[in-house]
1. Taking the residues in the range A:126-184 that are in contact with a Pro (Cβ under 7 Å, 6 or more places away or on another chain) and within 14 Å of another protein chain (Cβ to nearest Cβ) as candidates, determine which candidate is surrounded by the most Cβ atoms within 10 Å (Cβ to Cβ).
2. Just the residues that are surrounded by fewer than 24 Cβ atoms within 10 Å (Cβ to Cβ), of a type outside the set (Asp, Glu) and touching a residue at least 60 places away in the same chain (Cβ under 8 Å), please, taken from the range A:51-69.
3. For A:Ser399, indicate whether it is among the polar types (S, T, N, Q) and farther than 27 Å from A:Trp100 by Cβ.
4. How many residues, within the range A:379-406, are away from chain B (no Cβ under 14 Å) and either in a loop (DSSP other than H, G, I, E, B) or on the phi > 0 side of the Ramachandran plot (or both)?
5. Can you find a residue that is surrounded by fewer than 21 Cβ atoms within 10 Å (Cβ to Cβ), out of contact with any Phe, Trp or Tyr (no Cβ under 6 Å at 6 or more places or on another chain), part of a strand (DSSP E or B) and more than 14 Å from every other protein chain (Cβ to nearest Cβ) anywhere in the range B:134-144?
6. Suppose we filter the range B:145-158 for residues that are part of a loop (DSSP other than H, G, I, E, B) and more than 9 Å from chain A (Cβ to nearest Cβ); how many remain?
7. Do we find that B:Val18 is within 11 Å of another protein chain (Cβ to nearest Cβ), in a loop (DSSP other than H, G, I, E, B), surrounded by fewer than 24 Cβ atoms within 10 Å (Cβ to Cβ) and not acidic (Asp, Glu) in this structure?
8. Taking only the range A:37-91 into account, find how many residues are charged (D, E, K, R) and either at the interface with chain B (Cβ under 10 Å from one of its Cβ atoms) or within 25 Å of A:Thr335 (Cβ to Cβ) (or both).
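The values are calculated or read from the model by the stated rules, or taken from the named source; none is laboratory data. None of these values were measured; they are calculated from a predicted model. Neighbour counts are summed over all protein chains in view; Cβ atoms, including those assigned to glycine, are modelled from backbone coordinates with ideal geometry.
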Amino acid sequence: MGKTMIQKIIQRASGKEVKPGDRVWCNIDLSTARDFAGPNCVLQFDKETEGKGKVWNPDKIAFTFDLEAPSRSEQVANNQKLIREFAKRQGITKVFDVNWGIGQHVLLENGLVKPGWVILGTDSHMNLLGAVGAFATGVGNTDIVASWILGKLWYRVPETVKIHVTGSFKKGVCMRDLLTKIVGTLGAGGLIYKAVEFVGPTIENANLAERITLCSMVTEMSGKIGLIQPNGEVLEWLKARAGEEVVELAEAIKADPDAIYSEEYEFNVDDLEPMVSAPDAPDNVKTVREVAGEKLDQIHIGSCSNGRFEDIAAAFEVLKAADFKIAPGIRAIITPATREVMKQCAQAGFIEKFLAAGVIFTNPTCALCTAKHYGTLPSGDVGMSTTNRNFIGKVGKGSHTYLASPMTAMASAVRGVITDPREIIG
Amino acid sequence: MKITGKVWKYGDDVNTDVIFPGKYTYTVSERSEMGQYALEDLDPEFTKNAKPGDIIVAGKNWGCGSSREQAVTCLKVRGIGAIIAKGFARIYYRNALNEGLPIIVAPDAVDAIEPNDEITIDFDKGEIITPKGTFSFPPFPEFVRGLIEDGGLIPHVRKSLGLE
């Protein structure tokens with residue numbers, strides 16, 4: 001019987017023949033923690049090992065600082081220091097401090113993520129690394145500590161759902177809109193415990209930024225991992241960062257033609273229009289047209305879902321079409337995912353234009369996804385963001401958030417009300 | 001083991017941001033202090049009045065969203081006896097096992113239980129006794145039972161390494 005991608009990955013990592021429902025121990029290729037929950041991992045590891053324990057392999061552990069970069073309070077600053085000192089004590093050299101950006105993206109750019117690798121992190125959106133065929137999952141601190149002791153963790157082999165995508169996006173419509181459509185169709189629990197394979201011509205032709213967007217919200221449907229078979233330019237990009245061996249690793253995880261899927265869905269994007277997740281849940285999905293005209297107080301472009309250069313470039317094109325003017329009174333914030341992305345934006349001449357328009361262009365960080373970090377909304381305000389969650393209270397008690405694409409967010413900044421980007425760039 | 005407690009009942013897709021608000025994740029690091037903020041953005045009545053031994057009953061996908069383990073810890077230290085739901089989000093399920101907070105998947109029982117009911121859970125028999133009748137729930141898979149019997153993931157790992 002044929003195997004899906006996740007079955008092949010778990011098979012390699014566990015050394016066992018597996019089928020969905022089996023529970024097995026897998027060798028961990030990379031166990032990461034960030035400034036959120038990372039300090040708890042450090043404290044718990046030291047407590048469990050009475051301060052004398054050595055991690056199983058310092059070369060397979062990495063720290064990223066993204067939720068609170070740079071630190072905003074003494075408490076956070078002390079937490080970050082705790083991680084730096086632990087890393088030094090344990091001989092962990094892969095420490096990406098507050099000047100790097102969002103963890104998964106930084107790990108990718110630094111060639112630390114390979115197809116088929118089993119990766120852990122204290123971020124529920126770790127699984128966006130499935131965009132290059134890695135099996136990354138977000139876990140709590142106890143799982144991380146166990147992996148630091150043992151170098152392994154247990155997994156239940158998930159069933160796999162296949163999502164087949166065809167067609168080409170019309171101008172003003174993008175991968176984020178497809179993703180929103182999928183979340184609205186399948187719902188918050190629609191992929192519970194399952195792996196997903198995104199396939200079809202639209203996916204095969206998608207760039208890395210688009211693949212990341214797509215995989216980043218599998219969590220919002222309660223899925224375990226979204227996987228995309230690396231190919232073309234994405235594979236070349238990965239090869240340049242992570243080495244020649246990624247080609248062979250990618251080949252090894254290819255789903256068999258006779259693999260078994262628990263469900264299959266078809267989406268065509270030819271007639272897709274801009275979509276939003278309305279307050280206060282990602283699966284409360286509407287078309288932008290249905291909610292157009294609602295007044296906004298703030299828009300934000302960034303996050304692990306839509307903070308790459310291509311996302312910011314798409315927003316730039318919308319602003320350009322509006323003669324680089326945003327509506328008076330609206331607060332517009334752009335946060336690149338990483339320092340590398342920020343540099344690309346500087347080189348392209350974007351930052352100067354954004355600043356001239358009154359846009360706040362920040363350092364790379366998780367920004368609004370972090371409670372009480374910058375961009376927090378006051379009670380009664382309505383925001384729009386390219387982040388992945390709009391749960392009630394998340395960005396400030398009494399506020400509400402629409403989730404949308406970078407183009408829709410910028411179009412809405414231009415008009416000050418929710419706006420279909422096709423009205424500006426059409 | 002058998003526990004009896006008052007029910008707090010909630011719906012589907014309750015996320016970890018409302019179980020343990022994000023703003024406390026940086027400032028509250030003592031486990032014992034986490035209980036006082038439990039469910040603050042979901043049900044202030046619970047936050048004020050929940051008692052040790054009370055039982056949470058919920059719909060599908062309890063604990064979706066962020067990976068924060070505090071969303072389990074805050075209920076554990078509050079003394080919540082168990083959570084019965086139609087289903088749990090993936091990370092929450094793991095975190096609950098790792099922390100030793102009993103979680104039960106029992107869709108029929110969830111439909112029958114009303115808010116404020118007093119119910120009894122008999123873990124040995126795999127039964128939930130409610131005012132509307134008794135419902136059985138399946139035992140944990142053997143693998144998971146091993147984790148629970150050892151007292152959570154870390155003791156299980158230490159045992160497997162011969163450290164216990």
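1. A:Val183
2. The answer is A:Gly53, A:Val55, A:Trp56, A:Asn57, A:Lys60.
3. Yes.
4. Total satisfying the criteria: 5.
5. yes
6. 2
7. No.
8. Adding up the residues that qualify gives 8.
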